[in-house]
Structures are given as structure tokens and as C-alpha cells.
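**Q** Mind looking over this structure? Questions follow.
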Amino acid sequence: MTDLQISLIGVGIAIVVGVIAYNKWQEYRAKKHVERAFSDPVDDVLIGAQVDSSTERREPVLDDTVISGLADSDQQLPVQEENGTADNVVLVKTPEIPVDDLIELPIMLNLEESLRAEKILPHLQSLRYTGSKPVRFLGMPDNNDVPEKNWQTIVPGNSYRHLKACVQLANRNGALNEIEYSELLMRLRQIADAIGAEPEVPEMSDVIEKARQLYQFVADHDARLGISIRSNGAPWQIVTLKTALEKQGFESRPDGQFVMKDRENGGILFSLSTNELPASETATRLTLLMDVPCIAQEKDGFGQMVQCGKALCIRLDGALVDDGNQMLTDKFLDEISGQVNDFYKEMQESSVPAGSIRALKLFN
């Protein structure tokens, strides 16, 4: 038997296997469709709290690196409580913000028929990220009479026929790229086939361009501000230093860093590092660092960091210096404070206020 004959036989076998596999796939999809069409709904024993996200949204505008629109959705949403009698369970639900069209790409999934959340959620839970970009799902309950105002977290006990997959377009790791977007669409199609839905897929070129513009804003405003404390004499013993820092209000972390928390909400105002290896027993320099876009202006994070640095200088016999080891005078610190305020103003005008939900998502 010649090589040509062997090749022809191999090609023929491959074609036959492909036809059989295709027919099996079509048969499987038809079977699943019939099962969905004639399956009886099962009474649910889970009770979910419905969230009424009545925040009105506005369409955003992206113009190069200047971002505007949809400022309302950055407000902290209150916790909704449902109080019952002594025999009832108290339901507490903290809703997520609705679709943020400025930093997220919503992809509509229209189901062939209404499905209970219990049948939908197991499929959605397999898709939390595409690359480094978070993905979340929202749904519109069947009893919803105001579609544009009630996209909300999918909760057990509700039925849905319309879903939205929301992928964040950019963060500190970069913009959503072609590979991440393709992966997202592939996995969404798998989910759509499983629940009997049809996705409305936006044009890739438009999505990638918007993601790049958003990342440009992130890159231009990714600011961390640091000041240092230099020992005026002998090196500090790490054990003694840790005690002094804890008395100052710092909380130690397993990675060797210390953080100063906001007393109001528990968030981190700024961190402190000894600039030494974990095994080191002494240190001669400390660095205080603030993640500027993640701290709200009203917290005065820089002012608090400077006050803390001055207090540590007194406690540890140190001097406040910059990265170049130059002394930080009050005049120079006031100039930096003015620059920080200008930075905050620019972020506010771009509809990404520092410390807001939107900013925390972008600068993550």
C-alpha cells in the first residue's frame, strides 16, 4: 500500500469521525432544548432578599483620558434590612452598585424562557475573571416593571429571563485585551448554551479601544506618595520598633508591613515598611506610603501620614526625609499637600473621585 493510499484512508476516517461528532453534538443540543422546554419548575425552599437599585444612570462619555458621566453610581449604597417577628429570620442584604457603564462592559444574555436563579447560578459561578479583569452577573427579575432601574444581584427565589455579564474594562494590571475578551466570549457562549440564552456581543474593536482609553486614565493617575523616616543615631531594633509602631496605632501584617487603618470604616489610610529583609534584626529607615487614588480627599490621608511621621520622629529620634535623603520642611510638605489637592480635583472632574467605589475597582 502506497503512502498516498494511506493518507487518503486517514483523511476519510477523520471526515467520518467529524461527521459523527457533529451529529452527536446537534443531538445533544436538541435534547437539552427539549428538556428545558418541558421541565417542570421545582418549588424553591430558599428565600432571597430583593434589592431595589433605583439609582438613575446616565450614559458615560470617554474622550481620550478625560472621563465623565455616571457619577451617581459611586455613592455607597445603604444596607437594606428586613425585620420580622421573633420567629422570623432577619434578612440583611448589601447590594452591589448597578452596571457602571464607565468602567464595565455589559453583555446582555436573553434567555429562551424564564429560569429560576437556582438553575442559573451554578453556571455563572464558573466565570469570575477573564485574565485579571473581574466579571459579575446581574439579572432582571420577572416581576420587574422598571427595567432600566432594577438590574440587581441574582438571588435565589427569583426567576430571570434577562441577564447581564459585566466585565471590568481596565485596572492596574492593564486594559482588557483581545485574548481576554475572546476568552470571555467563549466562556459566555458555553454558559449561554447551558441555560438556553443568546448573548448580544459588542464589536471587539470598540470594546478594546474603550478599554485602552480607560487604562490610560488609570496609568496617568496611578500615584503612590511616600515619605521616609531616617534614624539620627544607631539602627532601631526590629522588636523595639514593632512595639513603638503598635503604640502609634499601626497594625502589623504577616508580610512584615504595617498599616494604619481608618477608624471610621476600617480601610487602609497608609502603610509603613522597614525596607529590610524579614530576617533582619535592625532597621535604619522607615517608609510611609499612601495609595493616593484609593483615599478619599475628606480623609486627609496625606495630612494624617505627615502627622504620624512627625510623631514617629519624636518617638524614635528620627528625621523626616524624601527619597533623596533631603529633609522635608513644613514649606515643602505644604507644597506637596497642594499638589495632592490638585490631583483630587482632577479625579473628581473625571467622575472617578478618589476613594470611591469606582476608584477602588480601577486602582486594584
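**Q** Taking the dipole about the Cα centre of the stretch 310-364, with the C-beta of Lys and Arg at +1 and of Asp and Glu at -1, give me whichever of Asn341, Leu360, Gln326 is farthest to the positive side.
**A** Projecting each Cα onto the dipole axis, the largest value belongs to Leu360.
**Q** In whole percent, how big is the carbon plus sulfur part of the accessible area of the stretch 160-311, probe 1.4 Å, protein atoms only?
**A** 47 percent
**Q** Sticking with this one: Is there a quick way to get the dipole size of the stretch 266-345? I mean about its Cα centre, with the Cβ of Lys and Arg at +1 and of Asp and Glu at -1; what is the value in debye to the nearest 20?
**A** 140 debye
**Q** Treat every Asp and Glu Cβ in the stretch 107-266 as -1 and every Lys and Arg Cβ as +1, leave all other atoms uncharged, and give the resulting dipole magnitude about the Cα centre to the nearest 20 debye.
**A** Dipole about the Cα centre, nearest 20: 920 debye.
**Q** Take a quick pass over the stretch 260-364 and tell me how many lysine pairs come in under 24 angstrom between Cα atoms, counting only ones 8 or more apart or on separate chains.
**A** 11
**Q** Now for a different question. Taking only protein heavy atoms into account and a 1.4 Å probe, give the accessible area per residue of the stretch 190-229 in Å². The partial results should precede the final answer.
**A** Working: 1890 Å² over 40 residues.
Result: 47 Å² of accessible area for each residue.
**Q** Could you provide, to the nearest whole Å², the per residue accessible area of the stretch 307-356 with probe 1.4 Å?
**A** Accessible area per residue: 57 Å².
**Q** Non-local amide H neighbours of Ile268 (under 5 Å, H modeled in plane, Pro and chain starts lacking H): which ones?
**A** Excluding prolines and chain starts, which carry no amide H, the hits are Asp262.
**Q** While we're here: Please turn the phi angles of the stretch 112-128 into ³J(HN,Hα) values with the Karplus equation 6.51 cos²θ - 1.76 cosθ + 1.60 (θ = phi - 60°), one per residue in order, whole Hz, x for glycine and proline.
**A** Along the stretch 112-128, the couplings run 5, 8, 5, 10, 6, 4, 4, 8, 8, 4, x, 6, 6, 5, 7, 10, 10 Hz.
**Q** If you build the convex hull over the alpha carbons only and average its shadow over all orientations, what do you get for the stretch 180-284? Give it in nm² to one decimal. Please report the intermediate quantities before stating the final value.
**A** Details: hull surface 48.4 nm².
Its average projected convex-hull area is 12.1 nm².
**Q** Write down the accessible area per residue of the stretch 111-171 in Å², having rolled a 1.4 Å probe over the full set of protein chains. Numbers along the way, then the final one.
**A** Values: 2450 Å² over 61 residues.
Roughly 40 Å² per residue, with all protein chains present.
The values are calculated or read from the model by the stated rules, or taken from the named source; none is laboratory data. No experiment lies behind these values; they were computed from the predicted model shown. Glycine also receives a Cβ, built like all others from the backbone with ideal geometry; neighbour counts cover every protein chain displayed. For accessibility, only protein heavy atoms count, side chains too; no ligands or nucleic acids. Shrake-Rupley method; radii C 1.70, N 1.55, O 1.52, S 1.80 Å.
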